Amino acid sequence: MFKDNHTQRYWQYEYDVATKYMIPLLEQWGIALSGANVLDVGCGEGGGLCAMHDAGADCAGFDIDKPRVDAATLLKGERKIPLTTGNLYEATLPFHDRQFDIVILHDVFEHLDRKDEVLQKLFGYMKPDGRLLITFPPYYSAYGAHQQLLRAPFMKIPFFHLIPFSLSLILPRVKGEEPYFVEEVQKLGRLKMGMRKFERIIARGGMDIVGKQAYVIGPNHIRFGLKPIPAGPIANVPVISEIVCTGVVYLLSRAPNHRR
């Protein structure tokens, strides 16, 4: 089906993260997937959506990357999941005529410029009592700039991105790196999406936190053979939590005065 099996492995990783961690977490927070309408914004290869579908949800998804949407379309098999390409910055969004019980951004929000604007667009996707699930690695954690995507071994050193001038002077001079990944790592260094910054953004955007789970080792790390470890009370300790927590999951609702 594919030239190599990386795409299928990544789909399986997405499926496993959703099945073993995201779905149980939603259930723990009282969110039933059976019969729920789910939209995955930045759905990638679609493994997470397929897991949600298999748990009984009515799913749809879009991604800015057409090859990934093409892969997702093949890998979903016979599942009835509408998929398309789309860009959150466009005036007309995919599925703009639908509202959903659950909207998911899995490791997408930290990459976005114009976050306040995007948050308001997501309002349009949510039913009045809908929920928004956002996950991301806090920037000041060991791999908060996604430098694990780079090829040079020394670039993968934990916290490398926090060394002064590492992204502005050192990274551009390293040979053989994929330009797209270089740009993304530098962009994350510019945006610096930490937990406290995120919480300020969603507060001024009219959203309340109804669930939060931070991890010392996040669910995404299962692809490296690691077992997730919840952060516990340390997730609420200023500064330290931003450094120690490698992943965080937020469940958000509209604040009462923003419900339609």
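Structure above, values below:
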{"quantity": "Segment 99-125, subset of a type outside the set (A, V, I, L, M, F, W, C), within 14 Å of the chain's Cα centre (by Cα) and within 16 Å of LEU251 (Cα to Cα), residue most open to solvent (accessible area, probe 1.4 Å)", "calculated": "HIS106"}
{"quantity": "Unmet criterion (only one of (1) of a type in the set (S, T, N, Q); (2) at pLDDT below 95; (3) open to solvent by 40 Å² or more (accessible area, probe 1.4 Å)) for GLN12", "calculated": "(2)"}
{"quantity": "Subset of segment 128-179 (residues that are under 20 Å from the mean Cα position of the chain (by Cα), assigned to a loop (DSSP other than H, G, I, E, B) and among the aliphatic types (A, V, I, L, M))", "calculated": "ALA142, ALA145, LEU150"}
{"quantity": "Output for segment 212-260, where each listed residue is open to solvent by 30 Å² or more (accessible area, probe 1.4 Å), closer than 24 Å to PHE123 by Cα and within 19 Å of the chain's Cα centre (by Cα)", "calculated": "LYS212, GLN213"}
{"quantity": "Options ILE202, ILE209: the member that is on the phi < 0 side of the Ramachandran plot, of a type in the set (A, V, I, L, M), in contact with a strand residue (DSSP E or B) (Cβ under 7 Å, 6 or more places away or on another chain) and not in a helix (DSSP H, G or I)", "calculated": "ILE209"}
{"quantity": "Cross-chain or 6+ apart pairs with Cβ under 9 Å, segment 222-239 first and free of Cβ contacts under 8 Å to residues at least 12 places away in the same chain, then among the polar types (S, T, N, Q)", "calculated": "PHE224/GLN148"}
{"quantity": "Of all residues in segment 126-167 being among the polar types (S, T, N, Q) and free of Cβ contacts under 8 Å to residues at least 40 places away in the same chain, the one that is surrounded by the fewest Cβ atoms within 10 Å (Cβ to Cβ)", "calculated": "GLN148"}
{"quantity": "Selection within segment 80-93 - farther than 19 Å from HIS53 by Cα and either touching a His at 6+ places or on another chain (Cβ under 9 Å) or crowded, with 17+ Cβ neighbours inside 10 Å (or both)", "calculated": "GLY86, LEU88, LEU93"}
{"quantity": "Selection count, segment 66-85, where residues are touching a residue at least 12 places away in the same chain (Cβ under 8 Å), among the charged types (D, E, K, R) and in a helix (DSSP H, G or I)", "calculated": "2"}
{"quantity": "Count - residues of segment 188-211 that are more than 16 Å from GLU110 (Cβ to Cβ) and either of a type in the set (Lys, Arg) or open to solvent by less than 40 Å² (accessible area, probe 1.4 Å) (or both)", "calculated": "4"}
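The values are calculated or read from the model by the stated rules, or taken from the named source; none is laboratory data. Values in this document were obtained by computation on a predicted structure and should not be read as measured data. Glycine also receives a Cβ, built like all others from the backbone with ideal geometry; neighbour counts cover every protein chain displayed. Just the protein is used for accessible areas: all its heavy atoms, side chains included, with ligands, DNA and RNA removed. Shrake-Rupley method; radii C 1.70, N 1.55, O 1.52, S 1.80 Å.
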